[in-house]
Structure formats: C-alpha cells, structure tokens
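First up is the structure itself, then whatever we jot down about it.
Taken together, the values in this text are just the output of simple stated rules run on the coordinates, not laboratory data. Fair warning: this is a prediction, and the values are worked out from it, not measured in the lab. Cβ placement follows ideal geometry from the backbone for every residue including glycine, while neighbour counts extend to all protein chains displayed.
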Amino acid sequence: MKINTKFVLVFVMIVAAVSFIFRLLPHPANFIPLGALALFCGTYIKSKWGILVPVAVMAITDYIVGWHSLIFFTWGSFLLMGMIGWWIQKRKNISRVVGGTLAGSVLFFIITNFAVWAFTPLYVKTMAGLVQSYYMAIPFFRSSAMGDLFYVGVFFSLYEVASYLIVKYRKRQVIPVQNN
C-alpha cells in the first residue's frame, strides 16, 4: 500500500497528541499509550529520527508532571521500543506486531526496574534486592503490557484501516480522458 508522507505525519501527530493527553489524565499505573507510540513511530515513520517522537512527548509531559531521577532510563526504553518498530517495519504482520509489543514491554520492565534498584534507596544493592525490585514491579508490568497491547491494537488498526480506505478511494477516482 502506497501512502503519502503527509498522511503518515498527520496520523503520527494525532497519535502523539492522544499519547500526550492520556499521559496527563488520571490513568491506571503505566496504562498509557507511550510504548505503543514508540512502536508505531518506529514502524511507520521512514526516517530513523521518528523514534524521537515518543521521547519528545515524554520530555514535555515529564516537564509538566515533574522530572524524576530515572528519566533517561525511561526515555531510553522508549527509544529501544522504537527500534523494535524498525524490525516490525521490515516484515509487518500480526505476530511481529504482538511479539514486538511484548518484547518492548519486557525491555521497559527490565531496564526501568533495574534502574530503580541500582539508583534509588528503595532496595538493598544485592541480588535479593534486585529480585525484590522486579517482584514488586510485576503489577506495573501487567498494566504496562496490557496498555501497550491495547494501544498498539488501536493505533495500528486505525492506521491500517485508514490507509486501506485511502487507497481504495484513490482507485475509485476516475480521471476523465480528453479527446482532441
């Protein structure tokens, strides 16, 4: 399906705006569309710079809700999720999208909770403390993975349906031929 860059840009702006708003509204812990935004941008934006869109949304919303000491781990996790989108882009199918979504959720869980263990005083700096950090984060992981799967389903489905309808509409347009 050949879709023009302007459509992709407009759709990304809408998805980014939704992600921005939902990050600021009250929500279940970690049930936000930013992981889905990262995967979406990595998958559909041809430029490798597209993975910076979710980081920009995070930076602006972090400024509003308050900075925290682990932002670079959080932002880095979203960059990695965008890179998973590059892998999905090469051969997009449902199993890659679902697998990439779950891989992104797991990466986010591993990276951010390692950072909580390593750089905050919440857990002792032993293997037992690290295990406890991951154990205590399981409810957040469940919510994060469910949010990623839900929003990836919404964003990718809406994009694919809109793309299909645009292509179908273009094919139906008849260009009149002038006889001289």
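Provide the gained length on full extension for the span Leu25 to Ala128, in nm with one decimal, where the gain is 0.36 nm per separating residue minus the Cα-Cα distance.
Values: separation 103, 0.36 × 103 = 37.08 nm, distance 3.53 nm.
Gain on extension, Leu25 to Ala128, equals 33.6 nm.
Inverting the pair-averaged 1/r between distinct Cα atoms of region 1-52 gives 11.8 Å as its Kirkwood hydrodynamic radius.
Grouping the Cα pair distances of region 95-166 into 5 Å bins from zero gives a pair-distance distribution of 3, 16, 20, 17, 13, 11, 8, 6, 3, 2, 1, 0 percent in increasing distance order. Result for the chain in a Gaussian network model with C-alpha springs under 10 Å: among Tyr63, Tyr134, Tyr169, the largest mean-square fluctuation is at Tyr169.
Which distance in Å, rounded to a whole number, links the C-alpha centroids of region 101-148 and region 40-78? Rounded to whole Å, the Cα centres lie 19 Å apart.
Taking the C-alpha atoms only, the angle from helix 34-44 to the longest principal axis of the chain is near 40 degrees.
Assigning unit charges at the beta carbon (Lys, Arg +1; Asp, Glu -1) and nothing else, what dipole magnitude in debye, to the nearest 20, does the chain show about its Cα centre?
On the way: 15 positive and 3 negative charges, 180 e Å.
Computed charge dipole of the chain: roughly 860 debye.
Each of Ile94 and Val10 was given a label point 7 Å from its Cα along the Cα-to-Cβ line. The distance between the two points is 2.9 nm. Between Lys46, Lys92, Lys168, the Gaussian network model of the chain with springs among Cα atoms under 10 angstrom shows the greatest mean-square fluctuation at Lys168.
Taking Cα Rg over 2.2 N^0.38 Å as calculated from this structure, the corresponding entry among [x] 1.21; [y] 1.11; [z] 0.96 is [x].
Set the Förster distance to 30 Å, then compute FRET efficiency between Ile110 and Trp49 from the Cβ-Cβ distance, nearest 0.05.
The calculated FRET efficiency here is 0.75.
Take every pair of alpha-carbon atoms less than 8 Å apart whose residues are at least six positions apart; their mean separation over the length of the chain yields a relative contact order of 28 percent.
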